[in-house]
Amino acid sequence: MIGFNFRSTLAIYNRELMRALRTAFQSILAPVLTTSLYFIVFGAAIGSRMPDLGGVDYGAFIIPGLLLLTLLSESTSNASFGIYMPRFTGTIYELLSAPVGVAETLVGFVGAAATKSLILAAIILATATLFVDYSIAHPVLAIGYIMLVAASFSLFGFILGIWADSFEKLGIIPALFLIPLTFLGGTFYSIDMLPDPWRTIALFNPVVYLVNGLRWTFYGSSDINIWVSLGLTLGFLAICVATIAFIFKTGWRLRE
Amino acid sequence: MQPILEVRDLTKVYQGGLKALDSVDLAINRGEIFALLGPNGAGKTTLIAAICGLVRPTGGTISAFGEDLSKNWRSARSRIGLVPQELATDMFEKVQYAVSYSRGLFGLAPNPARIEEILKSLSLWDKRDEQIRALSGGMKRRVLIAKALAHDPDLLFLDEPTAGVDVELRRDMWKLIGEMRERGVTIILTTHYIEEAEEMADRVGIIRKGQILMVDDKEAMMSRLGRTEAIITLPSAVAGLPDDIATYPVTLSDDGKELCYRGGDGSGKGKEEVANLTKALTRAGIDYNGIDIHESSLEDIFVDLVEERTGESK
Ligand SMILES: Nc1ncnc2c1ncn2[C@@H]1O[C@H](COP(=O)(O)OP(=O)(O)OP(=O)(O)O)[C@@H](O)[C@H]1O
Ligand SMILES: [Mg+2]
């Protein structure tokens, strides 16, 4: 297990990224379109009737939430498809027989999925400037946080892609958990706007912490302490890494 | 000389309890072509998969190039190539890209000239910019071979390389395998075409129900287990055989019109005996009007071996 094969890693990374770009239209244009629609509906139509939230214009307020919506779903689905497809078609034999270990596989697959998410994030931020004026309070932290989320959920997607043994299972986690949690996670509103039992319940939704962490890096204020958000995100990342290390050690679902 | 690959006491029990490999011991010599023969479900693919890291062995050790694979798998794997039995390819990928990718995956620097050479040797150069899904089955198999050769392995596994391949391509494949051997590549292949093993292999191993029944030089195996069979037809029935003819391994058919010789050892001794037998028949005044002589092939030996054991286990 000593050593790290840079060339192998690069080969996997490039191939995965190329695979993502092969479907450039659906993978890049679609999120841009959806995000634009959100801005039109929530930002322009509803936002004009909303008060400023914590001194932030409503249109700008929803940017971090929209970013997360894309980051979470795209990172998860890209990484999960990336590893599920070779398992499904049998081409995984090559990876398993190659001189690559956990590190190379992860950096290659997860890195490519995260990179694609970052490209999407940049496109969404650029698209947002067409609809609202906004400025980012802590740009370096914002970029760092976006990268952290992209990496964590790409890892999560990777685990999903290894766990799933059918296309149904591959889609069920995002549809059943990720999307509802994101919508309920304060993407389009401040959880302070919720009446009390709901506000407390919302605190059990992990996405709340992600949204508020990112929102803090954007506007310097949020419903939740940034360190709590950051701590939980890092904790999630650590759990994913540990799960993957376990998967490779036992060969679960990869080697018979 | 130290074997290039050594498998000891390798056992694989699949989930569900099926014992696909049962204490397999096998040593492969550097530079040889080794053919692994066995009926469907014998465990050939499982054995290859265990060596190549696709299947986790339940017990036993595997060492390649003198290194224990469970420890120094990185360096060993970078020298091993695998062509799987199933045609598993990324359908949307282009041929040349797929082969270059394999080279990179195995940790080597890009080398377009080498990739070109490999593609040309497999008659894939003209197809280099085609998506793999647009190729025929035989062509897809060539792509898999090209991918396995992309990192210039020293040890190559070919799991039924000629399954579903037409006669011409099969000849090409044999030629290619011969060329690889010239270059010093050690090759382990499985096949259901015994003539193929007979044509190419230096040594042959026979596996059944996860157990290696026999491993030997092809020639040695054929001379040990080979037989000559001669049917001599007699124009008029004879009642019995004189003593000097009965000393040969012969049987007379019930109607007394057919003499069947079964003997020899696959080294040509049988033919000589048949010749002597005919002279003896002439001396004894027994006329004959036809001789049908047949040397047993590896296939006959294989079928005998496998069936004999089947009978045993009943
Ligand atoms: N993933 C698996 N899970 C459970 N059993 C398996 C698995 N793969 C193979 N087997 C079983 O193990 C045995 C050996 O299979 P294997 O594929 O190694 O045979 P083979 O000699 O390659 O056969 P063939 O000539 O048909 O390719 C078979 O009985 C098969 O059903
Ligand atoms: Mg097989």
| field | Cβ-Cβ under 8 Å pairs, at least 6 apart or on other chains, segment B:36-53 side over 18 Å from B:P161 (Cβ atoms) and facing chain A (nearest Cβ under 9 Å), far side of a type in the set (S, T, Y) and more than 8 Å from ligand 2 (Cβ to nearest atom) | value | B:G53/A:S97
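Residue-wise test of (1) over 15 Å from the mean Cα position of the chain (by Cα); (2) surrounded by fewer than 18 Cβ atoms within 10 Å (Cβ to Cβ).
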position	(1), (2)
B:L135	yes, no
B:A146	yes, no
B:E182	yes, yes
B:T186	no, no
B:M200	no, no
B:I206	no, no
| request: For segment B:86-95, state whether one or more residues are surrounded by 22 or more Cβ atoms within 10 Å (Cβ to Cβ) and within 16 Å of ligand 1 (Cβ to nearest atom). | output: no
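Taking B:N40, is it assigned by TED's automatic domain parsing to the domain that holds B:G178, modelled with pLDDT under 90 and within 16 Å of ligand 2 (Cβ to nearest atom)? Outline the logic, then answer.
Details: assigned by TED's automatic domain parsing to the domain that holds B:G178: yes; modelled with pLDDT under 90: yes; within 16 Å of ligand 2 (Cβ to nearest atom): yes.
Spelling it out, B:N40 is indeed assigned by TED's automatic domain parsing to the domain that holds B:G178, modelled with pLDDT under 90 and within 16 Å of ligand 2 (Cβ to nearest atom).
Return yes or no: is A:D223 acidic (D, E) and assigned to a helix (DSSP H, G or I)?
Working: acidic (D, E): yes; assigned to a helix (DSSP H, G or I): no.
In short, no.
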| Residues of segment B:58-111 classified as assigned to a loop (DSSP other than H, G, I, E, B), within 7 Å of chain A (Cβ to nearest Cβ) and closer than 19 Å to A:P99 by Cβ, total | 6
| query | Restricting attention to segment B:207-253, which residues are within 16 Å of ligand 1 (Cβ to nearest atom) and part of a loop (DSSP other than H, G, I, E, B)? | reply | B:K209, B:G210
| query | Which residue out of B:G263, B:G210 is touching a Gly at 6+ places or on another chain (Cβ under 8 Å), within 30 Å of B:L18 (Cβ to Cβ), surrounded by 14 or more Cβ atoms within 10 Å (Cβ to Cβ) and of a type in the set (G, A, S)? | reply | B:G210
| said: Exactly one of these conditions fails for B:L21: (1) more than 22 Å from B:F302 (Cα to Cα); (2) touching a residue at least 40 places away in the same chain (Cβ under 8 Å). Give me its number. | reply: (1)
| query | Do you know which of the residues in segment B:1-18 that are in contact (Cβ under 8 Å) with a residue 12 or more places away in the chain and among the hydrophobic types (A, V, I, L, M, F, W, C) is farthest from B:I187 (Cα to Cα)? | reply | B:V13
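Give the residues of segment A:224-236 that are touching a Gly at 6+ places or on another chain (Cβ under 7 Å) and in contact (Cβ under 8 Å) with a residue 24 or more places away in the chain, sorted by residue number. Quick ask: steps written out before the conclusion?
At the first step, the residues of segment A:224-236 found to be touching a Gly at 6+ places or on another chain (Cβ under 7 Å) are A:226, A:229-230, A:233.
Those that are touching a Gly at 6+ places or on another chain (Cβ under 7 Å) and in contact (Cβ under 8 Å) with a residue 24 or more places away in the chain: A:L230, A:T233.
The values are calculated or read from the model by the stated rules, or taken from the named source; none is laboratory data. All values reported here derive from a predicted model rather than from experimental measurement. Reconstructed Cβ throughout: ideal geometry from the backbone, glycine too, with neighbour counts over all protein chains shown.
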